[in-house]
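Notes to accompany the following structure.
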Amino acid sequence: MVLVYTSSPEGQLKKSAFEAVTYGYKAAQALGTEVVALTIGNVDNAGVLGQYGAGKVLNAAGAESFDSGVHAAVIAKVAEQIGASVVVMPDDSTGKSLLGRVAVRLDAGAVSGVKTLPDTSAGFVVKKNVFSGKAIVDYNINSDKKVLSIAGNTFPPEVVGGDVAVDAAGVDVPASRVRVKEVSTVKGTVPLPEAELVVSAGRGMKDPGNWGIIDELAGHLGATTACSRPVADVGWRPHHEHVGQTGVAIRPNLYIAIGISGAIQHLAGVNQSKTIVVINKDPEAPFFKAADYGIVGDLFEVVPRLNEAIKKFKAAN
Amino acid sequence: MKLLVCVSKTPDTTTKISFANNDTEFNTQGVQYIMNPYDEWYALVRALELKEATGGTVTTINVGSAANDTVIRKGLAIGADDAIRVDAPENCSTYYVARQIAEQAKAGAYDIVFFGKETIDYNGAQIGAMVAEMLDMPFISYATKMDIAGNTATISRDIEGGQEIVEVDTPFAISAAKGLAEQRIPNMRGIMMAKRKPLNVIPPVDVSEKVSVASYALPPEKKDCHYIDAEDMDKLVELLHSEAKVI
């Protein structure tokens with residue numbers, strides 16, 4: 001059996017959950033077995049996980065807020081109960097807090113940020129990016145049980161069936177030792193780690209009052225806004241927008257970098273983006289070496305022109 | 001309070017990555033090593049601030065060979081009281097490292113065990129959770145702020161697109177993200193004192209490995225940047241739509 005744990009912040013299943021079930025379904029097919037999805041706490045519409053290939057959806061009620069100790073205990077008990085040999089979870093803040101705990105409980109080998117289906121031709125080998133995307137490792141998991149967290153934006157959700165009924169997981173939920181006091185999330189935009197389109201700007205903007213053209217571009221594209229470290233450090237932009245080595249690491253389909261020189265620490269957080277567009281007036285900016293498309297020019301002229309071009313494109317398509 | 005900070009050695013961010021032994025090992029030739037920034041800048045400094053405010057001791061722990069002693073001495077120079085190094089070979093797995101840390105942490109009965117949110121080399125973010133489970137402690141990851149009153153900590157942690165504020169009682173384990181503290185540069189006095197502080201080398205316990213590296217590879221070469229005329233943004237939009245297929 002393959003067990004997929006799906007995180008559900010504020011009771012909502014998100015794309016990372018569907019990606020994890022899609023991965024679990026494909027892995028189960030390759031291993032000749034089936035996939036069971038597990039949700040914990042009060043979750044809206046969990047049966048929808050059946051659409052992505054879960055033959056069964058289980059819910060463990062009674063753990064409403066997140067505590068890695070409680071969640072790991074529940075996941076491990078369910079894994080033992082259904083005889084799961086592989087446990088899959090998203091590689092988000094929830095999954096990363098759980099992976100090691102679940103591995104210890106199950107005496108399993110664990111790999112985080114997995115980006116390929118297991119290759120079982122010689123053992124159980126999965127690939128993962130390391131050194132902030134500068135290298136790829138093939139890991140072989142030798143233990144009987146395996147625990148994997150799945151890199152985001154890597155396995156697009158695929159609908160293969162219909163909703164299924166949600167059954168009670170039937171395991172005890174231990175008492176939590178972590179008291180959640182407050183949860184605050186930005187509403188109305190896709191959080192950066194999940195965003196497929198990201199528009200990012202840096203010191204070249206000269207003044208926080210100039211961000212209107214960036215917001216407009218993000219609005220036209222339906223993109224999430226981000227920024228470089230210096231502008232977050234001086235308070236031009238909120239801290240949660242900072243992408244790079246010490247900020248958020250992202251892997252969107254499209255990353256547009258505007259007025260950002262491309263220091264190595266910034267690249268470490270964004271170089272796994274599928275397509276990178278760089279707009280900078282300095283032709284020597286190191287970012288152009290990492291770019292797919294480059295525009296050398298004054299961003300205060302180029303970005304408004306790009307906004308017009310996208311408006312025209314959206315109207316025609 | 002007794003505080004334990006787990007410190008790891010990582011190649012500097014600017015390291016050129018290459019491999020040895022038929023692509024089965026990371027090539028350490030000429031590599032400049034540093035203390036993992038999340039461990040040094042945030043975890044260690046927050047532990048030192050706590051000690052300064054409430055008293056107690058700060059111990060660092062590292063799992064690795066004598067080649068790590070330079071990095072460990074830096075932790076002592078910044079202000080840790082003493083250090084443990086579990087004498088282990090290079091390239092052991094996360095599980096191996098976690099087991100060594102858990103053994104020492106159990107023996108030392110620490111109130112808080114600090115980690116960086118991840119190392120900047122293998123980006124695994126696994127060891128904190130593993131050690132917490134081995135010690136049966138609550139684990140608060142991605143912490144950006146922590147205050148302590150008595151035995152209760154109030155901690156802000158990063159979650160997708162926001163923040164969560166939690167309360168937890170000691171003992172617990174925590175992983176540090178940007179914001180938890182401000183980097184400290186060791187001064188000359190600290191560097192001199194570090195030479196006399198205890199660095200206890202301890203033999204490892206036996207662990208059977210569960211995960212091994214089969215091979216390393218470099219990512220596919222990025223093709224050259226396609227430059228587009230700054231006047232012609234219609235062209236960019238067209239390429240993003242029909243060539244890159246991202247809009």
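Every number here is computed from the coordinates shown, using simple stated rules; none is lab data. What you are looking at is a predicted structure, and each value in this text was computed from that prediction instead of being measured. Note that each Cβ is placed from the backbone with ideal geometry, even for glycine, and that neighbours are counted across all protein chains shown.
Write down the percent of antiparallel bridges among all DSSP beta bridges whose residues are both part of chain A, to the nearest 5. Please report the intermediate quantities before stating the final value.
On the way: 8 of 52 bridges.
Of those bridges, close to 15 percent are antiparallel.
For every other residue with a beta carbon closer than 14 angstrom to the beta carbon of A:D92, add +1 if it is Lys or Arg and -1 if Asp or Glu, then tell me the sum.
Working: positive: A:K14, A:K15, A:K96, A:R251, B:K117, B:R157; negative: A:E10, A:E19, A:D91, A:E194, B:E118, B:D158, B:E160, B:E164.
Result for the neighbourhood of A:D92: -2.
Rounded, prolate or oblate, given the Cα gyration tensor of the stretch B:93-151, with a/c below 1.5 counting as rounded? Each step should come with its number before you reach the end.
On the way: a/c = 2.37, a/b = 1.18, b/c = 2.02.
It is oblate, given that a/c is not under 1.5 and a/b is not larger than b/c.
Among the DSSP beta bridges whose two residues both lie in the protein assembly as shown, what percent are antiparallel, rounded to the nearest 5?
35 percent
What's the local net charge at B:T10, with K and R +1, D and E -1, over the other residues with C-beta under 11 Å away?
It works out to a net charge of -4.
Let me check I've understood the local charge: for B:G55, count other residues with C-beta under 14 angstrom from its C-beta, Lys and Arg +1, Asp and Glu -1. What total comes out?
Value of the local net charge: -2.
Excluding the sites themselves, what is the longest stretch of chain A that contains no GluC sites (Glu not before Pro) in a DSSP loop with at most 16 other C-beta atoms within 10 Å?
A:159-283
On a C-alpha basis, how far is the centre of the stretch A:137-172 from the centre of the stretch B:89-105 in Å? Whole number, if you could?
27 Å
Based on Cα positions only, what radius of gyration and what Dmax would you give for the stretch B:83-197, in angstroms?
Just the Cα atoms of the stretch B:83-197 yield Rg and Dmax of 15.5, 45 Å.
Return an integer: the convex hull volume of the alpha-carbon atoms of chain B, in Å³ per residue. Don't skip to the answer; put the middle values down first.
Working: hull volume 46.5 nm³, N = 247.
So the per-residue Cα hull volume is 188 Å³.
How about B:K197: which aspartates and glutamates have a C-alpha closer than 12 Å to its C-alpha, ignoring those fewer than 8 places off in the same chain?
B:D81, B:D82
If Rh is defined by the Kirkwood formula over all Cα pairs and Rg also comes from Cα, what ratio Rg/Rh do you get for chain A?
Taking Rh as the inverse mean 1/r over Cα pairs, Rg/Rh reads 1.01.
Using every Cα-Cα pair within the protein assembly as shown, state what percent have a distance larger than 31 Å.
Numbers: 77480 of 158766 pairs.
In whole percent, the long-distance tail amounts to 49.
Classify the stretch A:192-316 as rounded, prolate or oblate, taking a ≥ b ≥ c as the square roots of the eigenvalues of its Cα gyration tensor: rounded when a/c is under 1.5, otherwise prolate if a/b is larger than b/c and oblate if not.
Rounded, since a/c falls under 1.5.
Roughly speaking, what is the centre-to-centre gap between the stretch A:241-293 and the stretch B:33-87 when only Cα atoms are used, to the nearest Å?
Cα centroid of the stretch A:241-293 versus Cα centroid of the stretch B:33-87: 32 Å apart.
Treating the beta-carbon of each Lys and Arg as +1 and of each Asp and Glu as -1, no other charges, what is the dipole magnitude of the stretch A:241-312 about its Cα centre, to the nearest 20 debye?
In debye, rounded to 20, the stretch A:241-312 gives about 280.
Just flag the GluC sites (Glu not before Pro) in the stretch B:140-247 sitting in loop per DSSP whose Cβ has no more than 16 other Cβ atoms within 10 Å.
Sites meeting the loop and neighbour criteria: B:E182, B:E209, B:E221, B:E231, B:E243.
Is the shape of the stretch A:37-130 best called rounded, prolate or oblate, per the rule: a/c under 1.5 gives rounded, else a/b larger than b/c gives prolate, else oblate, with a ≥ b ≥ c the square roots of the Cα gyration tensor eigenvalues?
Working: a/c = 1.67, a/b = 1.40, b/c = 1.20.
Prolate.
How far is helix B:233-242 tilted, in degrees, relative to the longest principal axis of the Cα atoms in chain B, given as a value from 0 to 90 rounded to the nearest 10?
Taking Cα atoms only, the helix is inclined about 80 degrees.
Filter the cross-link list A:K187/A:K314; A:K127/A:K289; A:K77/A:K134; A:K14/A:K274; A:K115/B:K16 down to pairs whose alpha-carbon distance in this structure exceeds 31 Å.
Listed pairs above 31 Å: A:K77/A:K134.
So, in Å, what gap is there between the alpha-carbon centers of the stretch B:155-200 and the stretch A:1-31?
33 Å
With charges set only on the Cβ (+1 for Lys and Arg, -1 for Asp and Glu), what does the dipole of the protein assembly as shown come to about its Cα centre, in debye to the nearest 20?
860 debye
When chain A is modelled as a GNM with alpha-carbon springs shorter than 10 Å, which of A:D207, A:D119, A:D215 fluctuates the most?
A:D207
I'd like the orientation of helix A:93-106 relative to chain A: the angle between its Cα long axis and the longest Cα principal axis, in ° from 0 to 90, rounded to 10.
30 degrees
Across peptide B:116-127, how many C-beta atoms of other chains are within 10 Å of each residue C-beta, on average? Mind dumping the intermediate values first?
Details: counts 0, 3, 4, 1, 7, 5, 8, 10, 10, 10, 12, 1.
Counting Cβ atoms of other protein chains within 10 Å of each residue's Cβ and averaging gives 6.
Quick check on the stretch B:129-184: of the DSSP beta bridges with both residues there, what percent are antiparallel, nearest 5%?
Around 80 percent antiparallel, to the nearest 5.
What number, rounded to the nearest 500 deg cm²/dmol, is the helix-based mean residue ellipticity at 222 nm of chain A, given -39500 (n - 2.57) per DSSP H run of at least four residues and division by all its residues?
Mean residue ellipticity at 222 nm (helix-derived): -8500 deg cm²/dmol.
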